[in-house]
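Let me begin by presenting the structure, written as structure tokens, before commenting on it.
The values are calculated or read from the model by the stated rules, or taken from the named source; none is laboratory data. Nothing here was measured: the structure is a model prediction, and the numbers come from that model. Note that we place each Cβ from the backbone using ideal geometry, even for glycine, and neighbour counts take in every protein chain shown. Heads up: the accessible areas ignore ligands, DNA and RNA and are worked out on the full protein's heavy atoms, side chains in. Shrake-Rupley method; radii C 1.70, N 1.55, O 1.52, S 1.80 Å.
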Amino acid sequence: MLASVQSAVVRGVDGHAVRVEVHVSNGLPGFTVVGLPDASCREARDRVRAALLSSGLAWPLRRVTVNLAPSGLPKAGAGLDLAIAVGLLVASGVVPEAAIAHTAFVGELGLDGAVRPVPGLLGVVDAIRTDEVVVPATGFAEASVLGRHRVRAVPDLATLVRVLVGEEPWPDPPPPPPPCSPPPPPDLADVVGQPVGRRAVEVAAAGGHNLLLCGPPGAGKTMLARRLPGLLPPLTQEVAVVATRVHSAAGEPLPATGLLTNPPFRSPHHGASMAALVGGGSTRLRPGEVALAHGGVLFLDELAEFPPSVLDALRQPLEEGVIRVARAVATVQFPADFLLVAATNPCPCGFAFTPGACRCSDAARRRYARRLSGPLLDRFDLRVIVGRTEAGALAGPVGEGTAEVAARVRTARELAAARGVVANAALVGAALDRHAPLSSAGRAILERALATGRLSARGFQRVRRVARTLADLDGEAGPLGGGHVALALQLRAERVVPADVGEGVA
């Protein structure tokens, strides 16, 4: 007898529909899975057999063939276990075929018959076109995010069989999680002094501008960067669904509601490999830190300690907002629209900008400077040198807190939304000319910077976007004046890693 069951698998972060065909026939007992399964898919035979026996169901002593269609699509993971078990029961005559006519099944089976969650459940459910989908009880909230399906949650295989044969109704869905407030983000008021650094963090959050903080050890670079996510507004529904899909595919924990609402903050160690940062793998292509930061912040502390080849891999996603990972088995595209924030020392000892304090040789400085390529530095809209806080400032008044600054950031983001973009950093082409025109004074400043080689053509546009954000924060509309353009240029330090001993900054 033949049975056909709807399911899906995840590839990258996107789901792909799969039809599980189960054929039970006479012959020597055996169980064969075809259709390009990986090792975890082929091992479904043993999991399904143990789950059936543990649930009080018989294992057919006949020849069983399972085809995973389309046969040309590689299948990875254990998410097809439940569909294979249901197909086997239908083909064996235990479950009526009509009971699964408009239902898809997703889940991993434990040896005791428990139905367990699988990575990428949100993407898998999105690929399913049936009206009803059966998922593990612990994945009910995640599977319900899209709102397109009637989601059925089952705790184990035995319960599912009793439902399908009509012995009992569908189990009630798990109760909604109790409302809980996330812990408050680190407060910007904790940062004492550093007016330039605080201003740069505010501008970066308001306009979505990439930010590089450079300064000696203990100046507060990491402290500033870790307070930036608290200034960002919550994710929109569209971005939240995409970010949740990425985190689900990577096996990252999700909120109890099943949907990410706050911008993610990722801070990989400087020893991270290329695959860890951009994503990859052999049979199962997993999202990397770049994709996991989609909609939020990717913070690279000790930037110059990262391998140069890893850092240069960020150049393309910073421009396009996506990252394409190509392997022999497949090519997948991960979303990668993130705000890049980095912190670095100006030299190995960290005191290059402190006259007379640097202990590094010329060769050491040159090696350190070569670790950050010019094209990568050019993609930072804001490059700020953070000096050590003066002793008098430590005892001075406390600056504005996160709540006050976040209100201004929210206003600037609303102005950008009225222009049709998420933030001013996304203004390009005609939209930039329309919403960020230059006054004669502002244009003269930028043309002089271009003529002296301080700005590239890309830097010219980026300074205009920063100036637009500065004007929005100050509540000024119209052409960008010389003051905002000059400040935007000042927030883009010409050199953050001196190559010669004599290049100190007083």
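Looking at (1) over 24 Å from Ala204 (Cα atoms); (2) under 26 Å from the mean Cα position of the chain (by Cα), can you tell me which one Arg383 breaks?
In the conditions (1) over 24 Å from Ala204 (Cα atoms); (2) under 26 Å from the mean Cα position of the chain (by Cα), Arg383 misses (1) alone.
Among the residues of the range 236-278, count how many are of a type in the set (Asp, Glu) and in a loop (DSSP other than H, G, I, E, B).
The qualifying residues number 1.
Output the number of the condition that Ala369 fails; it satisfies all remaining conditions of (1) of a type in the set (A, V, I, L, M); (2) open to solvent by less than 80 Å² (accessible area, probe 1.4 Å); (3) touching a residue at least 12 places away in the same chain (Cβ under 8 Å); (4) within 23 Å of Val203 (Cα to Cα).
(4)
How do the helices (runs of 4 or more DSSP H) wholly within the range 287-339 filter down when requiring 3 or more residues that are crowded, with 22+ Cβ neighbours inside 10 Å, at pLDDT 90 or above and not acidic (Asp, Glu): which remain?
Those helices (runs of 4 or more DSSP H) span 289-292.
Looking at this structure, is Val125 open to solvent by less than 30 Å² (accessible area, probe 1.4 Å), of a type outside the set (Ser, Thr, Tyr) and either over 20 Å from Ala243 (Cα atoms) or without any contact (Cβ under 8 Å) to a residue 12 or more places away in the chain (or both)?
no
Any residue at all in the range 389-398 that's touching a Leu at 6+ places or on another chain (Cβ under 6 Å), surrounded by 13 or more Cβ atoms within 10 Å (Cβ to Cβ) and not small (Gly, Ala, Ser)?
No, because not a single residue in the range 389-398 is touching a Leu at 6+ places or on another chain (Cβ under 6 Å), surrounded by 13 or more Cβ atoms within 10 Å (Cβ to Cβ) and not small (Gly, Ala, Ser).
This table checks each residue for (1) farther than 24 Å from Leu340 by Cα; (2) assigned to a loop (DSSP other than H, G, I, E, B); (3) without any contact (Cβ under 8 Å) to a residue 24 or more places away in the chain; (4) more than 24 Å from the chain's Cα centre (by Cα).
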{"site": "Glu168", "(1), (2), (3), (4)": "yes, yes, yes, yes"}
{"site": "Pro173", "(1), (2), (3), (4)": "yes, yes, no, yes"}
{"site": "Val196", "(1), (2), (3), (4)": "no, no, no, yes"}
{"site": "Ala200", "(1), (2), (3), (4)": "no, no, no, no"}
{"site": "Ala206", "(1), (2), (3), (4)": "no, no, no, no"}
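Taking the condition open to solvent by 60 Å² or more (accessible area, probe 1.4 Å), aliphatic (A, V, I, L, M) and without any contact (Cβ under 8 Å) to a residue 60 or more places away in the chain, does Leu68 pass?
Criteria not met by Leu68.
Could you please find all residues in the range 411-423 being without any contact (Cβ under 8 Å) to a residue 40 or more places away in the chain, of a type in the set (A, V, I, L, M) and surrounded by 14 or more Cβ atoms within 10 Å (Cβ to Cβ)?
Val421
Mind checking which residues of the range 6-41 are over 10 Å from Thr65 (Cα atoms) and small (Gly, Ala, Ser)?
Scanning the range 6-41 gives Ser7, Ala8, Gly12, Gly15, Ala17, Gly27, Gly35, Ala39, Ser40.
Filter the range 139-166 down to residues that are of a type in the set (D, E, K, R), surrounded by 19 or more Cβ atoms within 10 Å (Cβ to Cβ) and without any contact (Cβ under 8 Å) to a residue 24 or more places away in the chain, then give me how many there are.
Residues in the range 139-166 being of a type in the set (D, E, K, R), surrounded by 19 or more Cβ atoms within 10 Å (Cβ to Cβ) and without any contact (Cβ under 8 Å) to a residue 24 or more places away in the chain: 0 in total.
Out of the range 92-104, which residues are farther than 20 Å from Arg62 by Cα and either over 41 Å from the mean Cα position of the chain (by Cα) or surrounded by 14 or more Cβ atoms within 10 Å (Cβ to Cβ) (or both)?
Matches in the range 92-104: Ala99, Ile100, Thr103, Ala104.
If you go through the range 411-423 one residue at a time, how many are under 15 Å from Gly478 (Cα atoms) and touching a Leu at 6+ places or on another chain (Cβ under 9 Å)?
Within the range 411-423, residues that are under 15 Å from Gly478 (Cα atoms) and touching a Leu at 6+ places or on another chain (Cβ under 9 Å) number 3.
Report the residue count in the range 163-219 for those that are polar (S, T, N, Q), closer than 20 Å to Gly401 by Cβ and touching a strand residue (DSSP E or B) at 6+ places or on another chain (Cβ under 7 Å).
Of the residues in that region, 0 qualify.
Just checking, which of Arg62, Arg19 is modelled with pLDDT under 95 and either open to solvent by 20 Å² or more (accessible area, probe 1.4 Å) or touching a strand residue (DSSP E or B) at 6+ places or on another chain (Cβ under 6 Å) (or both)?
Arg62
Yes or no, residue by residue, for (1) part of a helix (DSSP H, G or I); (2) in contact with a Pro (Cβ under 8 Å, 6 or more places away or on another chain):
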site	(1), (2)
Gly139	yes, yes
Val161	yes, no
Pro184	no, no
Leu212	no, no
Arg227	no, yes
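Using the structure shown, decide if Arg226 is surrounded by 18 or more Cβ atoms within 10 Å (Cβ to Cβ) and under 26 Å from Val9 (Cβ atoms).
No, not satisfied.
If Pro136 satisfies every condition in (1) without any contact (Cβ under 8 Å) to a residue 60 or more places away in the chain; (2) surrounded by fewer than 19 Cβ atoms within 10 Å (Cβ to Cβ) but one, which is the exception?
Just one mismatch for Pro136, condition (2).
Name the one entry in Leu89, Leu82, Leu53 that is in a helix (DSSP H, G or I), over 30 Å from the mean Cα position of the chain (by Cα) and surrounded by 16 or more Cβ atoms within 10 Å (Cβ to Cβ).
So the residue among Leu89, Leu82, Leu53 that is in a helix (DSSP H, G or I), over 30 Å from the mean Cα position of the chain (by Cα) and surrounded by 16 or more Cβ atoms within 10 Å (Cβ to Cβ) is Leu89.
Restricting to the range 176-203, and then to whatever is small (Gly, Ala, Ser) and open to solvent by less than 50 Å² (accessible area, probe 1.4 Å), can you tell me which residue is nearest to Ala141 (Cα to Cα)?
Ala189
Filter the range 447-475 down to residues that are charged (D, E, K, R), at pLDDT below 90 and over 28 Å from the mean Cα position of the chain (by Cα), then give me how many there are.
The number of residues fulfilling the criteria is 1.
Can you name the residue in the range 424-440 that is farther than 12 Å from Thr469 by Cβ and outside any helix (DSSP H, G or I) and is also most open to solvent (accessible area, probe 1.4 Å) among such residues?
Among residues in the range 424-440 that are farther than 12 Å from Thr469 by Cβ and outside any helix (DSSP H, G or I), the one most open to solvent (accessible area, probe 1.4 Å) is Val428.
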